[in-house]
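The values are calculated or read from the model by the stated rules, or taken from the named source; none is laboratory data. This structure is a prediction, so every number in the text was calculated from the model and none was measured. Quick reminder, even Gly has a Cβ in these numbers, built from the backbone with ideal geometry, and neighbours come from all protein chains shown. Side chains are part of the model used for accessible areas, which takes the heavy atoms of the whole protein and leaves out ligands, DNA and RNA. Shrake-Rupley method; radii C 1.70, N 1.55, O 1.52, S 1.80 Å.
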Amino acid sequence: MENENFFISEAMRMNGVEKSDIETILVSIFHGSYDGVYVADKNGVGVMVNRAYSKITGVKSHELLGKSMETVVKEGIVSESVTLKVLEEKRPVTIIQTVRGKELLVTGSPIFDSGGDIAFVVTNVRDISDLNQMKSALYQSRKLTEKYLSEIEDFKKRELIQMHVDGIVAQSQEIMRVYHLARKVAKVDSGVLILGESGVGKEVIVNYLHNESDRADKPLIKVNCGAIPKHLLESELFGYEKGAFTGADSHGKPGLFELANGGTIFLDEIGDMPIDLQVKLLRVLQEFEIMRVGGRKSIKIDVRVISATHMNLEEMVDKNDFRRDLYYRLNIVPIRIPPLRERKADIVPLAFYFLNKTNKKSKSNKRFHPEILNFFEKYNWPGNIRELENLVERLVITSDHDEIHIKDLPPNLLRGLEKTTNEKGKLKEILANVERKVIKEQMEESRTTRRAAMELGISQSALVKKMQKLGI
């Protein structure tokens, strides 16, 4: 019998089920009618199927009703029967089933009679290809949205998505907060002191501050105060007049502050500046004028000063190794950049960025094995982003195969990994998590297990077994 919503076979009446019983079953199995639903009796014979099932699978009701599932499988309508598995195992079973070329996620659930025997098996069907297609469309939509938003001047919108600034991937909430603060102070000329360990990317923040400021079309001059000999630092910063000292240029030379006029000067490792020079720098910050070495007149300048250090300037002030008044002048807006170990979400995107960069430079086509990505996320990165970049470049150059494995790590890191693994005993769990993540991402892209298996380099059956084992 057929009505507007359901196809009910004569076999239902043959089983002695009354109308009231049918209504009870319908309320149960058609709850959430978006999914396809098929019902078989205790002998595996189809007794009921809804319109959603036919719409999803393309199989008409007359091809199922009144037929045993063994016959349906033999006729090639379905690849295997979850109904028969439920009848055999007497418990709910979920499989990935192919019905006329479509991949379906199929769950069979037994309905027991008062005697504890299976009376019916209710099969719930969902089209995985449709689901994956929606996920893929959503993924592509998000990527497209990111591309458009990255071109919008309002950084508040950009900070909600993955952001690339001068080659540094900013994705974690920790670093996003840094960029949000930097955005606020970029438009003003207040002194900014950038704090953070070596290798965290302080220069990148400086670039951002300058590029987002009204001085973006003017010079950005960078000075490493720790890299210039102390006796030369003053003349480098403020310049000198002709004949100021032995070996001086006969025409004199403008200093870096003069060269930065109208723009920004970045004083890196400010903690290394000698005390006597700190006095002169303070005067520059107060008066916005400099005097060249050997000069007799002041030169007005218009410069935005940004400084940075990995040292603890407060402790240096307490020990009289750094002038307190200069510290307050520099530290109007402090920006602390967290180390990479506190920005876990940035590690893998950064690793892929450096991989692509090095592949392009070395004309290679290396890729990461999932286990090494897991290592990257677990490692402490004492050298921060600089260490990660150097390690990725080393791995690309030294690995013998296109896929970079854990065994390709330098010996000192391998020993550390071995120790950690022995202490925690979680290597299998770690690898399973990585495998689960990779398979999920590949399924979202490929939409079917057949294509996903091809991309992953394994058979479709092996992939299905892995998915079942990993609970995907």
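Just a few scattered comments:
- Our estimate of slack between residue 365 and residue 230, defined as 0.36 nm per intervening residue step minus the Cα-Cα distance, is 44.1 nm.
- Each Lys and Arg contributes +1 and each Asp and Glu -1, all at the Cβ; summed about the Cα centre of the stretch 353-416, the dipole is approximately 220 debye.
- The string of couplings for the stretch 289-303 from the Karplus curve (6.51, -1.76, 1.60, θ = phi - 60°) is 8, 10, 10, 5, 4, x, x, 10, 10, 7, 10, 5, 9, 10, 9 Hz, one whole number per residue in order, with x for Gly and Pro.
- Amide H within-cut-off set for residue 50, under 5 Å, with H built and near neighbours excluded: 37
- Residue 415 sits with roughly 150 Å² accessible to a 1.4 Å probe, with DNA, RNA and ligands left out of the calculation.
- Rounded to whole Hz, the Karplus (6.51, -1.76, 1.60) HN-Hα couplings of the stretch 110-118, x for glycine and proline: x, 10, 9, 8, 5, x, x, 9, 6
- Top positive-direction residue, dipole computed over the stretch 306-450 with Cβ charges, set 442, 380, 348: 442
- Three-way shape call for the stretch 193-282 based on the alpha-carbon gyration tensor, with the a/c threshold at 1.5: oblate
- Förster-model FRET efficiency, 22 Å R0, residue 299 and residue 189, C-beta, rounded to 0.05: 0.75
- Here the stretch 174-230 and the stretch 66-90 have alpha carbon centers that stand 67 Å from each other.
- Measuring r between the beta carbons of residue 90 and residue 414 and using R0 = 35 Å, the FRET efficiency lands at 0.10.
- Simple spin-label estimate for residue 401 and residue 310 in nanometres, 7 Å along Cα-Cβ: 3.5
- Measuring spread by the Cα atoms of the stretch 63-115 yields a radius of gyration and Dmax of 11.8, 39 Å.
- Added length on full extension, which subtracts the Cα-Cα distance from 0.36 nm per residue, residue 181 to residue 140: 11.8 nm
- Where 407, 344 fall by accessible area, highest first, once all protein chains stay in place (1.4 Å): 407, 344
- Debye, to nearest 20: dipole size of the stretch 282-406, +1 on Lys, Arg Cβ, -1 on Asp, Glu Cβ: 660
- Sites residue 287 and residue 344 - FRET efficiency at Förster radius 35 Å, r taken between beta-carbons, to 0.05: 0.15
- Computed label-point distance, nm, for sites residue 173 and residue 325 using a 7 Å Cα→Cβ extension: 4.3
- Mean accessible surface per residue for the stretch 351-418, computed with a 1.4 Å probe while every protein chain stays in place, in Å²: 57
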